[in-house]
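Encoded as structure tokens, the structure appears first; notes follow it.
The values are calculated or read from the model by the stated rules, or taken from the named source; none is laboratory data. Quantities reported herein were computed from a predicted structural model and do not represent experimental measurements. Glycine gets a Cβ as well: all are built from the backbone with ideal geometry, and neighbour counts include every protein chain shown. With ligands, DNA and RNA removed, areas are computed over all heavy atoms of the protein, side chains included. Shrake-Rupley method; radii C 1.70, N 1.55, O 1.52, S 1.80 Å.
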Amino acid sequence: MNSAEGLDKIFRPRSIAVIGATNRPGTIGQVLTHNLITGGFTGTIFPVNPKADVIHSIKCYPSILDVPDEVDLAIILVRKEFVLDVVEDCGRKGVGGIVVITAGFKEVGGDGVEREEKLKERAAHYNMRVIGPNCFGVINTHPDYVMNATFSRTQPLSGKIGFMSQSGSLGEAILNHAKGLGIGFSMFASVGNKADVAGNALLNYWKDDPATQIILLYLESFGDAETFPRIAKTITKVKPVIAVKSGKTTAGARATTSHTGALAGYDIGVDALFEQCGVLRVQTIEELFDVAKAFDLQPLPKGKRVAVLTNAGGPGILATDAAAALGLDFPDLEPQTEDELRSFLPAEASTRNPVDMIASATAEHYQRTLELLFKDKNIDAVICVFVPPIMIDEMAVADAIVTASQGQEKPILSCFMGPGEGSLGSNRLKEASIPVYTFPEEIASTYALMAKYAAWRDRPLGTFPERLPAVDTAQQRLSELAQQGKTTILGGEALDILQQSGIPVAPLQAAGNADEAVRIAESVGYPVVLKLNADNLIHKTDIGGVVTDVRTEDEVRGHVDALLGRAQEHQLEGARIDVQKMVSGGVEMVLGMVRDPKFGPLVMCGLGGILVEVVKDVSFKLPP
């Protein structure tokens, strides 16, 4: 089950049984129970432990079957050997959802794989949804369901971000880092081995949750890669989805004879998948939160035109170079903006974009300049850099930035270089919902993703043409060749299949000798191209097997003899010469397909030629 059905029992329970709760300090059972109580859970908590009568001043039950009331959610913390029996008891009790914290399942291999399969079977038999096993727990900060069912030492802040982590070990670090940045969650789920509930189910669940406005994903593997694009495309049109995908794996065994296979490389399927679904991919957890806090606190830019404001030349150049390298634009300011800037900034200041007010810039300079930049019709977003000189009051500058930004529809991201995280000025900006970064390059990469997402959201999804009837004919021919054991299709046979698919091709015929080659060349018309063709000869240019712009009978005869000589030299069987009409003009391109073991077919298109694997100017996409 990958739908959102039944997840209310996990994220919005009215009663929770903690199976494996304990009074022993420092244990997972003690910390998780403590978190539920002190976190303000609004429902009923039932500790379950056959060796205790009372836990945390709450009556304890020897088994979940002994709990007198209904139980929506069971948190399972017992040893792996006892988990299946506990799951059976939960099913008989009528529990709706279970969170299995316990490790020792599929992730350890061997008996753990079988143990996890039995867990899935028992849960499915009783129609229970499962988070885990081998996970960190779940969180909901909504005031009606306040629930911290994790063993984290950090109490999360309430916010509008739904976070799914495949790694349980990262849970504590994620919650702690987010709290330090002032970032809050609507819900948090550590899904562990994803025996049941995985990314697709959570995306579906959070799609319609009004408290969740941004979705963050930490992924180590893909489960149902075919369903993900359909779900993600719908969600990213209304809510940003930002992901870190680790565990970059090879796309599997590919034929090295194929340009497409050579270029596909590692992890290309993930990039193609995210790109087509509007999912924003970042490389690190730190970058994930850099981007998340901007989406959380600031409006989206209406375009990619950025202004940089700074009181130091170096950081301004860093910001500009980084942003330009990521495809952002730095337009000229409107003439009236520059005129007004010159009226109050020092003569040494630069009033062009980027605007460098120099080190003597005061808080008033920051406020007046920002107000002008926000009004400028050529600007969609502002990068504000401040390096504190000894004579300038950091707090006054922060107040000026806040004042100028109030009520603005254009985003502003700030960089306080020097004071660092937690300084008075930085904290003042954070309180006013202005994200603060340590270095300007972080802002550039964040803005680039914000602009990319804004463009994606406004772009129509588009439609796909109906299948061409000619494709069925080509597919039938491919099936016949596969049944014959063919793995490579070359020359005229390949062109015939393309032509059957509705793709025009240059006329080609095979010749066994020079006389036949001359006759074909005269029939198709000069100039022609001569290509050496032999069984399993893929890259003809590697042995000088292609001659272009052949214009006379004598040239045909000379080149045919030379090509057949190369065939003998390389001991090629079944050698023949393909004579093809030469096509001039246009741009040489490459089109290819390779099957990724996880994502299925990937289509490649890009700049062609013999150096395609060096230039690598290609793009991969998943077909519909």
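Gain on full extension, evaluated as 0.36 nm per residue between Ser246 and Lys233 minus their Cα-Cα distance, stands at 2.5 nm.
Any of Lys237/Lys304; Lys207/Lys430; Lys207/Lys293; Lys179/Lys410; Lys179/Lys302 with alpha carbons more than 22 Å apart? Name them for me. From the list (Lys237/Lys304; Lys207/Lys430; Lys207/Lys293; Lys179/Lys410; Lys179/Lys302), the Cα-Cα distance tops 22 Å for Lys207/Lys430; Lys179/Lys410; Lys179/Lys302.
Surface composition of the chain: carbon and sulfur make up 51 percent of the accessible area, probe 1.4 Å. Only sites in a loop by DSSP and with at most 12 other Cβ atoms within 10 Å count here; which trypsin sites (Lys or Arg not before Pro) in segment 568-624 make the cut? Taking segment 568-624 and a limit of 12 other Cβ atoms within 10 Å, the loop trypsin sites (Lys or Arg not before Pro) found are Lys616. The alpha-carbon of Lys581 sits under 21 angstrom from the alpha-carbons of these lysines, leaving out residues fewer than 8 places away in its chain: Lys531, Lys540.
Accessible surface for segment 169-254, divided over its residues, is 34 Å² per residue with a 1.4 Å probe. Annotation note: GluC sites (Glu not before Pro) in segment 527-593 located in DSSP loop regions with a Cβ neighbour count of at most 14 within 10 Å are Glu573, Glu588. Highest-first packing order for the peptide set 9-19, 41-51 is 9-19, 41-51, based on the mean count of other beta carbon atoms within 10 Å.
Modelled spin-label separation between Ala506 and Thr487, with each label point placed 7 Å from Cα along the Cα-to-Cβ direction: 3.0 nm. Taking θ as phi - 60° and the Karplus parameters 6.51, -1.76 and 1.60, the scalar couplings of segment 125-130 work out to 4, 9, 6, 9, 7, 10 Hz in sequence order, x denoting glycine and proline. At full extension, Glu364 and Gln568 could sit 65.2 nm farther apart than now, given 0.36 nm per residue minus the alpha carbon distance.
The packing ranking, built from the mean of other Cβ atoms within 10 Å per residue, places the peptides 212-219, 509-516 in the order 212-219, 509-516, highest first. In this rough spin-label picture, where each label sits 7 Å from Cα along the Cβ direction, the Ser221-Glu70 distance is 3.6 nm.
Under a 5 Å amide H cut-off, with hydrogens placed 1.01 Å from N, Asn378 pairs with Glu334 among residues at least 5 apart or on other chains. Surface exposure of segment 1-134, expressed per residue as accessible area with a 1.4 Å probe, stands at 46 Å².
Using only the Cα atoms of segment 467-608, build the gyration tensor, take square roots of its eigenvalues as a ≥ b ≥ c, and label the shape rounded, prolate or oblate: rounded if a/c is under 1.5, else prolate if a/b is larger than b/c, else oblate. Verdict is prolate for segment 467-608.
Annotation for segment 222-239 versus segment 153-207: alpha-carbon center distance of 18 Å. Fully extending the segment from Val587 to Lys616 would add 8.9 nm, taking 0.36 nm per residue of separation and subtracting the current Cα-Cα distance.
The distance from the alpha carbon centre of segment 421-441 to that of segment 518-539 is 67 Å, rounded to a whole number.
A straight line joining the Cα centroids of segment 469-514 and segment 585-624 runs 20 Å.
Highest mean packing first, where packing is the average number of other Cβ atoms within 10 Å per residue, the peptides 196-204, 327-335 line up as 196-204, 327-335.
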